[in-house]
1. Sort ASP93, ASP47 by heavy-atom solvent-accessible area, probe 1.4 angstrom, most to least.
2. What number comes out for the charge environment of ASN121, summing +1 per Lys or Arg and -1 per Asp or Glu over other residues with Cβ under 13 Å away?
3. Leaving out ligands, DNA and RNA but keeping every protein chain, what accessible area does GLU37 have, in Å² rounded to the nearest 10, with a 1.4 Å probe?
4. Ignoring ligands and nucleic acids, what accessible area does MET66 show with a 1.4 Å probe (Å², nearest 10)?
Amino acid sequence: MLIIFSLTEYSSNISKCLYSWAKILQDCNGNTNCLEECGKELRACLDIAFPPSTKLEFESDKINYMLSTVFFLSNRLTKAITGLSEIDKAIGDVVKEEKQSIDDSNMENKRNYEKMEKEINEILAKYF
């Protein structure tokens, strides 16, 4: 019974961490610094939710796998959201409020598009 209680407690703590992270994330409004800080807070919360393995009454490969998966997925999700915010900013800088097209004979539009394409490729390489 102790094992089931511990796992239920871990599940509850993970849910609380994710809920808190998502709630704070809403206020970031695409600010990449805010998103990165939220990711750090999420990882810190997960570190608190899971005690070091030396304090567990049992050691199991399945549990270690599950815990490492949770940390991996939370890290990837944080990076993906930060990357998405940066992509949105790169596209927004080119599109702005007026409609621009690369089909126009306007060379500035083509340069802006090429710059945006380069930034997006850099963001994809960095975060994805």
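1. Result of the area sort, largest leading: ASP47, ASP93.
2. Summing Lys and Arg as +1 and Asp and Glu as -1 gives -2.
3. 90 Å²
4. 110 Å²
The values are calculated or read from the model by the stated rules, or taken from the named source; none is laboratory data. Predicted model, so just to flag it, every value in this text is computed and none were measured. Virtual Cβ from ideal backbone geometry, glycine too; neighbours counted across all protein chains shown. Note: accessible area is taken over every heavy atom of the protein model, side chains too, but ligands, DNA and RNA are not part of it. Shrake-Rupley method; radii C 1.70, N 1.55, O 1.52, S 1.80 Å.
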